[in-house]
Amino acid sequence: MELSQYLEVFIEESKENLQTCNEQLLELEKNPQDLVIVNEIFRSAHTLKGMSATMGFEDLANLTHKMENVLDAIRNEKIKVSPEILDVVFKSVDDLEAMVLSIAEGGDGKRDVTEVVAMLLAIEKGENVSMAIAGTEVAAATESPGVQTFSMQYEAYEQTVIQQSYEQGFRCFEISVSLREDCLLKAARVYMVFEVLGKLGEVIKSLPSVDQLEEEQFDQSFVITVVSKEDAVHLENAIRKVSEVEEVAVMEITARHLLNQNQNDDSIPETIVEKGEGKGQGEVQTSNPAGNVSKQSNPSSKTIRVNIERLDVLMNLFEELVIDRGRLEQISKELNNPELNETVERMTRISGDLQNIILNMRMVPVETVFNRFPRMVRQLARDLNKKIELDIIGAETELDRTVIDEIGDPLVHLIRNALDHGIEMPETRVKNGKSEQGTVKLKAYHSGNHVFIELEDDGAGINKERVLEKAIQKGIVTEETAHTLSDRQIYELILASGFSTADQISDISGRGVGLDVVKATIESLGGSITIDSTAGHGSLFSIQLPLTLSIISVMLVEIEEEKYAIPLSSIIETAIVKKEEIMKAHNQSVIDFRGKVVPLLFLEDVFDVPKNSKEEELYSVVIVRKGEKMAGLVVDSFIGQQEVVLKSLGNYLNDVFAISGATILGDGQVALIVDCNALIK
C-alpha cells in the first residue's frame, strides 16, 4: 500500500487526536474520578497508536502504547489520578506533538523519549516516578475475545471460481477477522485488510457484504473468502500487521467443504461442483472495497480536506476576476448599452455570490488558535505558583486562514502578560477580598465585517501612575503631554516600543520584548488594539481584525491626477470643510469635528504629489479613526466606494510610508491603498 498519499491526512488526524488528549487531560485534572474522560483520552491515544503503526512511525506508536498502558490502568482503577501522573502524561503528549511536527516538516518522527518512557513504566509498576530510570514494560494480561467463525454459503459461480482456482494452482481460504472492541474507524481497518489481501490474492466474497462493511454495519467480526497461492500462515501474519486487528482465523476451503454444503442445499446441483459448469464459469467477482472505502470511509461525512495552497490559487484567480469585473463595469458605464449593462449587472451578482463562497471556504474557526491556550495556561500557572482558570468563549467564530496564521503569537504574548503581570498571587487575592483563583476570559465574536478578540482578566489592573512614570522616564511622552492623556491613552502606552514596568526581565511574559510587537503584528493585519483597565479589578485587551485581507471595501479618492484607496474599515465619514473652518494648534491644521479637535493631514503633502498653485476654498475631507484617535485626510475629490483586490508592493517597496499595498482599477489604473494606522499617531 502506498502510504505517502495518506501522510497529510495522518498528520491532520494526529494533531486532532493529540488536541483531544490535551483538552480531556485538563478536564481530568478538574474531575480525577471521571472515568468517562479517561476513556475519551484512551480512545484518542489508541487511534493515534494504530495510525502511527500503519504509517510505519514505530517510535510514535511505541510511546503512544506506553501512555496507553497507563491510561488503561487508570480506567481499570488500578492507578489513581494524581498531579504527578498527569504531569507525566502531559509530557508524553508534548513529545508526541513534537514527533508529529517532525513528520509534518519532512522528518522521520524520531525523538529521544527515554526519560518519559521510564516515568510511564514506573507509574505502570506503581513505583516512585521521580526515582524512575529506564525499565521494562509489564504488559497487562488481557483476555482475547473469541473469533466468531462464519460458515458462508457459496453460489454456483463462486463454487466454479473456487474449483477452477485449485485447477490452476491456487488455494482458497475463508478468513475470519475480529477487530478490537474499541476500534473507532472500523471501515478504515476493513479497507486495510482488503488492501493487504489484494496484494496476496483475489477476494471473491465477504460477509457482511462490501457495502455493509463500508457503512460499518457489523459488530467487530467479518469474514473474507480469498483465492491465493500463499499459505494460511502467510495470510494470517499479513493481516495481523493491520492495526486494531484482535484475532485472525484462516480455514482452507476444499472441494469436500463445498460438497458438504451442497448436500444441505437442494438448490445447487452437485454437477456444478464436479464439472465447473454454470452461470459464472471462468469469472472472478472482485469484492475488494479498497477503492470504495478510500473514497468515503464514512458515508455520512459531508466534508473533504482541501490543501490551503489550492484555496490560495483559487483566491488569486478570483482576485483577477474582480479586477476584470471592475473593468467591465467601467466599459459598461462608458458605452451605456442596456444589454451590456444587464449582463454586467448579472455577472456582478454572480461573482459576488462566488466571492462569498470562496471567502467562506477560507474561513477557519479561531478554535484552531485558542485550543493551544488551556494547556499553556495550566503550565504557566504552575510555574508562577498561581491559581488561574481560562474561560474560552466563541471559539467557533471564523476568521480568514491568513489572519489565523498570524494572530496566534500576539495572543500568546497577551496571555503570558495577563498571567504574569495581571493575576495576583493567591495570598494577595485573598487579602484583597477576591477568590484565590484568578480568571482569564478569552472571547471572540463577529461584528459587521470585523472579528473582535477580547482578553479579560480579573487581576490587579494597570497602575496608571506607574505607567506614566515609566513612559516619561523612557522618553515615550513628555511631562506636559502626560497630563493631557485620557485613561485609555495612558493604558495604551504599554504598547509603545521598549516600554516595560517590570523590574526584572521575565521569561513568562515579555522575555525582554515589549507589547509593541503585539501591536505591530495586529496593525499589519489591518486591525487595532485597545486597552481598558480598572485598578484592583482587572484589564480588558480588545483586538479588532478584518474578516479577510485580500479583498477589501475602499473609498476611492483623487489627489491631482493620482487615485488612492482608503479602507472603509478606517473611515468614520466624509465631509466638505470650508477654508475658514480650518484652525491652527501647535503648528498643526485642525478642525472642530462634532466637538472634538481633529488634526488635518493633506495627503498631497504626505505622498509628495505634484500640485498646482490653485488655492481651494472648499476641502474634501475623509475622517478616519484608529482606536479613539481621529484624523482628517484632505483630498481633492471623492470618486466612490468600491471593492478592490489588495496586492502587495513586493519586497523592494515594503517600507513605503503609509501605503499598505496597491490595486488595479477598472480603467486599468493603479491606485495605492492608504495605511491609516500609520498616518495616525
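The values are calculated or read from the model by the stated rules, or taken from the named source; none is laboratory data. Predicted, not measured: the structure shown is a model, and the values here were computed from it. Note that each Cβ is placed from the backbone with ideal geometry, even for glycine, and that neighbours are counted across all protein chains shown.
Please report, ordered by residue number, the strands (runs of 3 or more DSSP E) entirely within the range 436-536 with at least 1 residues that are at pLDDT 85 or above and over 26 Å from the mean Cα position of the chain (by Cα).
437-447, 528-534
Just one of 37, 41, 74 is surrounded by 21 or more Cβ atoms within 10 Å (Cβ to Cβ) and free of Cβ contacts under 8 Å to residues at least 24 places away in the same chain; which is it?
37
Conditions tested, residue by residue: (1) modelled with pLDDT under 90; (2) part of a loop (DSSP other than H, G, I, E, B).
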{"site": "64", "(1), (2)": "no, no"}
{"site": "67", "(1), (2)": "no, no"}
{"site": "84", "(1), (2)": "yes, no"}
{"site": "87", "(1), (2)": "yes, no"}
{"site": "92", "(1), (2)": "no, no"}
{"site": "96", "(1), (2)": "no, no"}
{"site": "100", "(1), (2)": "no, no"}
{"site": "106", "(1), (2)": "yes, yes"}
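Being under 30 Å from residue 456 (Cα atoms), in contact with a strand residue (DSSP E or B) (Cβ under 7 Å, 6 or more places away or on another chain) and at pLDDT below 90 narrows it down to one residue among 544, 588; which is it?
544
May I ask you to list the residues in the range 430-478 that are free of Cβ contacts under 8 Å to residues at least 40 places away in the same chain and over 25 Å from residue 490 (Cα atoms)?
Within the range 430-478, 430, 431, 433, 434, 435, 447, 448 qualify.
Can you run down the residue pairs with Cβ atoms below 6 Å, 6 or more apart or on separate chains, where the first is in the range 343-354 and in a helix (DSSP H, G or I) and the partner is surrounded by 15 or more Cβ atoms within 10 Å (Cβ to Cβ)?
Short answer, once both residue conditions are applied: 344/328; 344/329; 344/332; 351/325.
Exactly one of these conditions fails for residue 539: (1) buried (at least 17 other Cβ atoms within 10 Å of the Cβ); (2) out of contact with any Ser or Thr (no Cβ under 6 Å at 6 or more places or on another chain); (3) part of a strand (DSSP E or B). Give me its number.
(2)
List the number of the failed condition for residue 392; all other conditions in (1) over 29 Å from the mean Cα position of the chain (by Cα); (2) surrounded by fewer than 22 Cβ atoms within 10 Å (Cβ to Cβ) hold.
(1)
Which condition from (1) without any contact (Cβ under 8 Å) to a residue 60 or more places away in the chain; (2) surrounded by 11 or more Cβ atoms within 10 Å (Cβ to Cβ); (3) not aliphatic (A, V, I, L, M) is the one that residue 642 breaks?
Of (1) without any contact (Cβ under 8 Å) to a residue 60 or more places away in the chain; (2) surrounded by 11 or more Cβ atoms within 10 Å (Cβ to Cβ); (3) not aliphatic (A, V, I, L, M), only one is false for residue 642: (1).
Collect the residues in the range 645-659 that are touching a residue at least 12 places away in the same chain (Cβ under 8 Å) and either over 19 Å from residue 322 (Cα atoms) or surrounded by fewer than 15 Cβ atoms within 10 Å (Cβ to Cβ) (or both), keeping them in residue-number order.
Scanning the range 645-659 gives 648, 657, 658, 659.
Which of the residues belonging to the range 116-172 are in a loop (DSSP other than H, G, I, E, B), farther than 17 Å from residue 207 by Cβ, at pLDDT 50 or above and not aromatic (Phe, Trp, Tyr)?
125, 126, 127, 128, 168, 169
When only residues in the range 214-230 that are at pLDDT 85 or above and outside any strand (DSSP E or B) count, which is nearest to residue 163 (Cα to Cα)?
229
So which residues in the range 187-213 are assigned to a strand (DSSP E or B) and of a type in the set (A, V, I, L, M, F, W, C), if there are any at all?
203, 204, 207
When residue 661 is evaluated against the numbered criteria (1) within 33 Å of the chain's Cα centre (by Cα); (2) of a type outside the set (A, V, I, L, M); (3) assigned to a loop (DSSP other than H, G, I, E, B), which criterion, by number, is the only one it fails?
Among (1) within 33 Å of the chain's Cα centre (by Cα); (2) of a type outside the set (A, V, I, L, M); (3) assigned to a loop (DSSP other than H, G, I, E, B), residue 661 violates only (3).
For the range 381-406, give me each residue that is assigned to a loop (DSSP other than H, G, I, E, B) and among the small types (Gly, Ala, Ser).
394, 395 - these are the residues of the range 381-406 that are assigned to a loop (DSSP other than H, G, I, E, B) and among the small types (Gly, Ala, Ser).
Assess whether residue 184 counts as being assigned to a loop (DSSP other than H, G, I, E, B) and either more than 30 Å from residue 41 (Cβ to Cβ) or at pLDDT below 85 (or both).
When the stated conditions are applied, residue 184 passes them.
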